[in-house]
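The values are calculated or read from the model by the stated rules, or taken from the named source; none is laboratory data. Treat the numbers as computed from the prediction; the structure is a model and nothing was measured. Here the Cβ positions follow ideal geometry from the backbone for every residue, glycine too, while neighbour counts run over all protein chains shown.
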Amino acid sequence: MTHSNPAQPASAGHLKEFTAGARDIIPMMVGAAPFGVIFGTLVASGPLHLWHGQLMSLVVFAGSAQFIALGLIAGHASFAVIWATTLVVNLRHVLYSATLAPHVAHLPSRWRWALGALLTDEVFAVAWEHYRHREPGTVGPHYFFGAGLAMYLNWQLWTVAGLLFGAAFPGLQSLGLDFAMVATFIAIVVPQLIAVRYIAAAVTAGTLAFFWQAWPYKLGLLGAVFAGVAIGVLLSAPRFGRGARGNPEPSSRATSRETSQDPRRDAPRKTSKETMEASR
């Protein structure tokens, strides 16, 4: 006599979610591939050893921060400057985490730490598109984990390719392949612009980031982010919504209209004694 294992359907569902996450992030992986190759090439032609570059990809796993750190190291910047600059650049991950927090708050801490370590711009875009259509607390971590792990392995692979073969193509970083990452960010941002407040926030942040790009330590980028967030929050305030105009809700208007049109609702109820007397 065979006994069914109740864990099998759950495991199959988890594997399906994991696979779906890894599949949905493939377009983002294609955009990150040239970026990883260019990073490996710059390491191979710079002051760091090859294993330093690979270790940075393994531990840091943040493309923009790695490029900035590599440039600062080549310029003999101090550790404090490198740490502060990369911290400022990666502060946007705080916004990503705050957005996804309601959907992962029910998970054990080991899952939250693992997902946080795998969170990048691309992973956030894919995970948020998955979570936004579902109630918080109803989705497990496997879709998020599949997308994050696939991107992590992809970044390691292309870093190795740049480290090993970048020296054979010394002018690779000047071919404009880094535009692939710009195209990837465009693909991340544009689908999110579904309301006026989102468009206003994106335009504000993008415009200010362009004009403030000369600020030291990438503080212009941080200031542009804060300005975009402020605009988005301001336009999301209740006074800009429909419920802030002082009009009663439709249900309330309908109820009051029905009450005024039904004379039986306004008529006083007769007591049982009055009803008996009237029947006599």
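For Leu95, the requirement of being closer than 25 Å to Ala202 by Cα, surrounded by 20 or more Cβ atoms within 10 Å (Cβ to Cβ) and among the aliphatic types (A, V, I, L, M) is not met. Residues being of a type in the set (Phe, Trp, Tyr) and farther than 24 Å from Gly223 by Cα are entirely absent from the stretch 66-82.
Scoring Asn5 on the criteria (1) at pLDDT 85 or above; (2) in a loop (DSSP other than H, G, I, E, B) leaves a single failure, condition (1).
On the stretch given as the stretch 39-63, residues that are of a type in the set (Val, Ile, Thr), closer than 20 Å to Asn90 by Cα and assigned to a helix (DSSP H, G or I) total 1.
For residues that are modelled with pLDDT of 75 or more and loosely packed, with under 12 Cβ neighbours inside 10 Å, scanning just the stretch 187-203, find the one that is nearest to Gly228 (Cα to Cα). Restricting to residues being modelled with pLDDT of 75 or more and loosely packed, with under 12 Cβ neighbours inside 10 Å, the top hit is Val196. Taking helices (runs of 4 or more DSSP H) as the structural unit, those lying wholly within the stretch 89-171 and holding at least 2 residues that are out of contact with any Lys or Arg (no Cβ under 8 Å at 6 or more places or on another chain), touching a residue at least 60 places away in the same chain (Cβ under 8 Å) and in the same structural domain as Ile26 (by TED's automatic domain parsing) correspond to 92-104, 121-131, 142-165. Annotation note: of Gly53, Gly36, Gly46, Gly71, the sole residue that is within 26 Å of Val126 (Cα to Cα), among the small types (Gly, Ala, Ser) and either assigned by TED's automatic domain parsing to the domain that holds Met151 or modelled with pLDDT under 85 (or both) is Gly36. The residues of the stretch 70-98 that are under 14 Å from Met56 (Cβ atoms) and of a type in the set (Gly, Ala, Ser), listed by number, are Gly71, Ala74.
Of the listed requirements (1) surrounded by fewer than 13 Cβ atoms within 10 Å (Cβ to Cβ); (2) within 25 Å of Gln213 (Cβ to Cβ), Glu122 misses just one: (1). In the stretch 99-112, the residue that is nearest to Phe61 (Cα to Cα) out of those that are over 15 Å from the mean Cα position of the chain (by Cα) and exposed (fewer than 13 other Cβ atoms within 10 Å of the Cβ) is Arg110.
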